[in-house]
Amino acid sequence: MTTDQPIPVIIDCDTGVDDALALLFAVRHPGLDLRAVTCVAGNTDVDGVVRNTLTVLEQAGAPKIPVARGAERPLIETVRTARHVHGHDGMGDLGLPAPRRAPAGVDAVTLLRREILASPRPVTLIPTAPLTNIALLLRTHPEVTRNIERIVFMGGAVATGNATPVAEFNVWHDPEAAAILLTAGVPITMYGLDVFQRVLVPGTDVRRLRASGEPGARLAGELLAHRGPATGEDDPAGGLGDAGAVCAVADPAGLTTHRLPVEVNLAPGPARGQTVVDRRPRAGESEIHDGIREQTLVDVALDVDVRRYVRLYLETVGG
Ligand code: BDR
Ligand code: CA
């Protein structure tokens, strides 16, 4: 792929305060060609996700990007929203206007298939949500992988979880779907909590964005302010969250990844939804006695250049 052509991307999201930050970045970065956005239940119910997504795209000045409604619930689990983090409306209760347009007349899986196969160059998929839509796509239309360059997903954790002590929300919400994603047969990058939580925009920049006269930049400031820690500071820093995964597509050099075996724990119990990442330098007793199991290799993000991604985000969205 030549570097002077924008990368065709599709975001599958559960907008979501930080999904909204990701959308704002994707529509404004000149190196990305956002071809479609698909919605799935996660941070809030799927109809709320559709509404939030359409509103963000309108505020960002990109009202024509196709948006489709996807899965209402995970493959097996029930819906377990994160409204305590993202507000009652799933997007910070900022009082944003209702969108003026309706979503596409096709479901998310149909739109994903159509846009992936229609793209003149292989698409990079960026799921920033539970992986239900992507699993349904891979099972319904496996031929799409021939035109997928790679999948960069926000999800999982090498170290500590957030939904549980060991499981990250997107994987925990639909572990079976995440397991299907890992067998997609295309290169996969895991942008997990280990890097996700580190990319913080300083409070002074958040305040500057909030004061902007440009609606997209101002919205980014409001969303970042919502993501600040409840420390009582006047200008708390705000996390880029899901937007960091999109930065990693626009500027891969800011991310340090290692190719490692990754498996999703599907067993009931306290470790369900954990991404088990094998960082051992050599085989252990399990392999010596029981043989080596086949496992997917994933480019796991272990470090991130925080200043680089913050600067990239502010230059792209802040004007
Ligand atoms: C993930 O869960 C959601 O709350 C965020 O939008 C992000 O995608 C982090 O665990
Ligand atoms: Ca999300």
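Bear in mind that the values in this text are calculations on the coordinates, not laboratory data. This structure is a prediction, so every number in the text was calculated from the model and none was measured. Note: ideal-geometry Cβ built from the backbone for every residue, glycine included; neighbour counts use all protein chains shown.
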*Top mean-square fluctuation among His173, His226, His258, Gaussian network model of the chain, C-alpha springs under 10 Å?*
His258
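Find the relative contact order for the chain and round it to a whole percent, using C-alpha pairs within less than 8 Å whose residues are 6+ positions apart. Could you put the intermediate results ahead of the total?
Values: 724 pairs, mean separation 60.1, N = 319.
Here the relative contact order equals 19 percent.
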*Can you list the trypsin sites (Lys or Arg not before Pro) in segment 263-295 that are in a DSSP coil and have 12 or fewer other beta carbons within 10 angstrom?*
Arg279, Arg282, Arg293
*To the nearest 500 deg cm²/dmol, what mean residue ellipticity at 222 nm is calculated for the chain from DSSP H runs of n ≥ 4 alone, each contributing -39,500 (n - 2.57), summed and divided by the residues?*
-10000 deg cm²/dmol
_Alpha-carbon centroid distance for the pair segment 272-294 / segment 114-141, whole angstrom_ = 29
*So which GluC sites (Glu not before Pro) in segment 241-319 end up in coil per DSSP with only 16 or fewer other C-beta atoms within 10 Å?*
Glu294
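Take the alpha carbon gyration tensor of segment 1-152, find the square roots of its eigenvalues, order them as a ≥ b ≥ c, and report rounded if a/c is under 1.5; if not, report prolate when a/b exceeds b/c, else oblate.
Oblate, because a/c is 1.5 or more while a/b does not exceed b/c.
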*Three-way shape call for segment 61-105 based on the alpha-carbon gyration tensor, with the a/c threshold at 1.5*: oblate
